[in-house]
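The values are calculated or read from the model by the stated rules, or taken from the named source; none is laboratory data. From a predicted model like this one, the values you see are computed outputs, not experimental measurements. With ideal geometry, Cβ positions are generated from the backbone for all residues, glycine too; neighbour counts draw on all protein chains shown.
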Amino acid sequence: MLVVQPGGSRSWMLRYQMDGRRRDMGLGPYPEITLARAREKAMEARRLVKEGRDPLAERSRGTALTFKAAAEALIESKRPGWRNAKHAAQWGSTLETYAYPVLSRLDVKGVDTQAVLEVLRPIWTTKPETASRVRQRIEAVLDYAAAVGARTGENPARWQGHLDNLLARPSKVKRVEHHAALDWRKAPAFMAELARREGIAAKVLAFAILTAARSGEVRGMTWREVDRGAAVWTVPAGRIKAGKEHRVPLTAAALALLGEPGEPEALVFPSPMRGEAPLSDRTLTAVLRRMGRGELTAHGFRSTFRDWAGETTAHAREVIEAALAHRLTDKVEAAYARGDLFVKRRRLMEDWATFLARGGPAAVLALPAIAHREAAAS
């Protein structure tokens, strides 16, 4: 089958059963691997299955399986189950930066505890979160190698009962780094200043602030997701961190930032430099720097919204969390929270837009005519 991810990446996959267990075997990315070539590889794999031989295991036999080859095979096998291509890119990038310089050419049979420690020790205390991910991914690669018969014995990257005796516990060295956020009291003045800025990046940042959305969700928004009549933006599950479709109520100020509707699959805020490609997150950072606010981040405005809502309004906590598309951490509470509190969230976002408009005339005058009508009506 051809597996198409929400992010657009495509790859061939063969699904088969071996010893009563389902196996997914990556056949390579499309279009680098043509349909004809994918069929040839699938036919050869099916032949091995009929002979009682596991294609994934056979792939690693006869020649040494290097750590890098095992990692690439694992990423390919996991790709169909990931929500978007970003996961594969993150896996590859993390291993490329930290693991491959030490492990890349090693036969997986020869990866031992010392080799794993050589990767982890330089970053264990300076980049604890990254180091923890690297360890988990090395462990997964070696587990994969064992599953296909390329290595035996205990996994040298396992934590419990092994590396926990050699390295400090991650929670002891973890440094919590929050996204820099603007004090909510200064948000109206900031929006007034932002409204005087020209360019699509300034609009994207303003829209993200008004909707309390993640910048990546705004930058990837298509016209299919926007219902102007109902004033709703529906973010599909594949583009949201929680993995669940999220409806965002659009205030008049947010709607005013949208241009003329385009084709359903067209981006609402396309990059002026790269055609239909999304804006990069760096463009929003550049806007903040030009405003002399280089210490801030686009993501930090979600914290600004959360602080404002929690400290100055009577809106319920679950409504505020729902507006941020956060998963409820209490499993019992989450089990009973079937709705999305949309009506209450619309009132919350209207209050937020009203608060932000207090920055002065510039916050309204820089918006299109619909914003003027809204201001006059209020």
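Residues considered: GLU260, GLU245. Of these, the only one that is surrounded by 14 or more Cβ atoms within 10 Å (Cβ to Cβ) and without any contact (Cβ under 8 Å) to a residue 24 or more places away in the chain is GLU245.
For the residues GLY238, GLY216, GLY243, the requirement of being assigned by TED's automatic domain parsing to the domain that holds ILE320, within 21 Å of the chain's Cα centre (by Cα), in a helix (DSSP H, G or I) and modelled with pLDDT under 85 singles out GLY238. With respect to being out of contact with any helix residue (DSSP H, G or I) (no Cβ under 6 Å at 6 or more places or on another chain) and either assigned to a helix (DSSP H, G or I) or modelled with pLDDT under 95 (or both), ARG121 fits the description. GLU295 fulfils the conditions (1) part of a loop (DSSP other than H, G, I, E, B); (2) at pLDDT 90 or above; (3) acidic (Asp, Glu) except for a single criterion, (2).
Within region 64-78, is there a residue that is without any contact (Cβ under 8 Å) to a residue 40 or more places away in the chain and of a type in the set (Phe, Trp, Tyr)? So far as region 64-78 goes, no, none of its residues is without any contact (Cβ under 8 Å) to a residue 40 or more places away in the chain and of a type in the set (Phe, Trp, Tyr). Any idea how many residues of region 263-274 are over 28 Å from ALA357 (Cβ atoms) and either outside the structural domain of ALA206 (by TED's automatic domain parsing) or surrounded by 11 or more Cβ atoms within 10 Å (Cβ to Cβ) (or both)? Residues meeting the conditions: 2.
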